[in-house]
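The values are calculated or read from the model by the stated rules, or taken from the named source; none is laboratory data. The structure displayed is predicted, hence computed values, not measured ones. FYI the Cβ positions are ideal-geometry reconstructions off the backbone, even for glycines, and counts take in every protein chain you see. All accessible areas refer to the heavy atoms of the entire protein, side chains included, with ligands and DNA or RNA removed. Shrake-Rupley method; radii C 1.70, N 1.55, O 1.52, S 1.80 Å.
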Amino acid sequence: MGASRVAVIGANGQLGTDLVKALDGWDLVPLTLADVEICDYAQTRQVLELIRPDVVINTAAFVRVDDCEEEVGQAFSVNAFAARNLAQICADLDCTLVHISTDYVFDGQKREPYTEEDLPNPINVYGASKLAGEHFVRAICPKHLIVRTSGLYGKAGSSGKGGNFVETMLRLAKEGRPIRVVDDQVLAPTYTKDLAGVITSLLQSPEIGLYHATNAGHCTWYEFAGRIFDLLGLHPTLTATTTTELGARAQRPRYSVLASAALNGRLLGARRWEEALQAYLLETGRAIASAKADG
Ligand SMILES: NC(=O)c1ccc[n+]([C@@H]2O[C@H](COP(=O)([O-])OP(=O)(O)OC[C@H]3O[C@@H](n4cnc5c(N)ncnc54)[C@H](OP(=O)(O)O)[C@@H]3O)[C@@H](O)[C@H]2O)c1
C-alpha cells in the first residue's frame, strides 16, 4: 500500500493506543474524540481534509453490547452511520479506510471457526450495527480493509467499557468477591498489541478487503478467567455459569471463534491467546507464578 500519512481515530481507546505505539515512526496523526466526532459528517470531513491522510484507521465504536439493546439509535449512529461518513470522506479523498469490526456479526451456531466466507447473522443490536457499518464501508469506499476481531484486552483498557475483562477479573479477585463467569461462550481472546501489529503489517502490503484477525486458539470466558488466575497464582472463588443464568440484556453468540482463510496464518495466527495473555500480564507489571508459566 506504501502508506505515508495515517490518521488513527479513537487514538486513546484500547486498540487505538496500541496502534499509535505500533505505528511509531510513521507519519501518524492520532485523533481522539476531542479532535473529531465521527457522527458529525461536516466536522469529520473538515478535519480529514486538513490532514489529507493516505490511510484512516477507525477504531471508534459504541462497544457496550448490553447498552446497545436500549440505545439502538446511538449504536447505529456510531457503529454504522459514522462508518458511512468515514467511507464517503475517504472515498472522496482517495484514501484507504481501515475499519475494525467484530465476531458478534455471527450468530454463533457454527462449531468451528468462522472464516471471511461465512455469512454473518447478528443476534444483538451491537452486531447488527457493526455489520451495517461494514456494509457501508464496503459499498462506498473502494480502498478499504475491514478487520474483524474478538475479545479485545489491552493496556489502555476499553474506554467504552470502563476497563477490560482481565482487569475486571483482577479487581474482583482483589475485592475477595465470588466470581461467576460464563462457560458456554467460546471465543478467541485477543491482545490489542498483537492486533495492532497485524494491522500495521496489512498497511505494508497491498491487501484490501475483509480479514479476520485474532490471537490463535480459543476458550470460554470462564477458561480465560481461570487462566488469568493460574498465571498469577491467585485462588479466588471462581464459578462457571451459563448465559441463561447470567441473563444479560443482549444475546451473545455461543461460539464466535474467527479463523482467517484470507490471512492464512501468515500474521497474527502465530501467537496463541495463552501466550499473549502472559505477555499482557508481564507488560502490565504482574509477576507470573513460575509453576504455571509453562502450563
Ligand atoms: N472490546 C472488544 O472486546 C472488541 C471485540 C471485537 C471488536 N471490537 C471492535 O474493536 C474496535 C476497538 O475497540 P476498543 O476496545 O479499542 O474500544 P474503546 O477502548 O472503547 O475505544 C474506542 C475509542 O473510540 C472513541 N470514540 C467513541 N465514539 C466516538 C465518536 N463518535 N467519534 C470519535 N471517537 C469516538 C473513544 O473515545 P472516548 O474514550 O473519548 O469515548 C475511544 O477512544 C471497535 O471497533 C470495536 O467494535 C472490540
Could you list, in sequence order, the residues of the stretch 137-169 that are open to solvent by 20 Å² or more (accessible area, probe 1.4 Å) and part of a helix (DSSP H, G or I)? R138, A139, I140, F165, E167, T168
Would you mention how many residues in the stretch 109-143 are within 14 Å of the ligand (Cβ to nearest atom) and either modelled with pLDDT under 95 or not aliphatic (A, V, I, L, M) (or both)? 11
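Rundown of residues vs (1) within 23 Å of Q74 (Cβ to Cβ); (2) surrounded by fewer than 22 Cβ atoms within 10 Å (Cβ to Cβ); (3) over 16 Å from the mean Cα position of the chain (by Cα); (4) within 15 Å of the ligand (Cβ to nearest atom), yes/no style:
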{"position": "N12", "(1), (2), (3), (4)": "yes, yes, no, yes"}
{"position": "D18", "(1), (2), (3), (4)": "no, no, no, yes"}
{"position": "G25", "(1), (2), (3), (4)": "no, yes, yes, no"}
{"position": "C39", "(1), (2), (3), (4)": "yes, yes, yes, yes"}
{"position": "R52", "(1), (2), (3), (4)": "no, yes, yes, no"}
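Which ones in the stretch 64-82 are outside any helix (DSSP H, G or I) and free of Cβ contacts under 8 Å to residues at least 60 places away in the same chain? Can you show your working first?
Here is the first cut: in the stretch 64-82, the ones outside any helix (DSSP H, G or I) are 64, 71.
Result: E71, single match.
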Among the residues of the stretch 194-231, count how many are open to solvent by 10 Å² or more (accessible area, probe 1.4 Å) and either closer than 30 Å to P142 by Cβ or of a type in the set (F, W, Y) (or both). 15
Check off (1) open to solvent by 40 Å² or more (accessible area, probe 1.4 Å); (2) modelled with pLDDT under 95 for A3 and give me the number that stays unchecked. (1)
A248 of a type in the set (A, V, I, L, M), modelled with pLDDT under 95 and under 21 Å from M169 (Cβ atoms): yes
Output the residue which, of all residues in the stretch 106-133 that are over 15 Å from Q185 (Cβ atoms) and surrounded by 22 or more Cβ atoms within 10 Å (Cβ to Cβ), is farthest from the chain's Cα centre (by Cα). V125
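So that you can scan it fast, the table gives a plain yes or no per residue for (1) in a loop (DSSP other than H, G, I, E, B); (2) among the aliphatic types (A, V, I, L, M):
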| site | (1), (2) |
| --- | --- |
| G16 | no, no |
| K21 | no, no |
| V29 | no, yes |
| A34 | yes, yes |
| F62 | yes, no |
| R84 | no, no |
| Q88 | no, no |
| K110 | yes, no |
| P120 | yes, no |
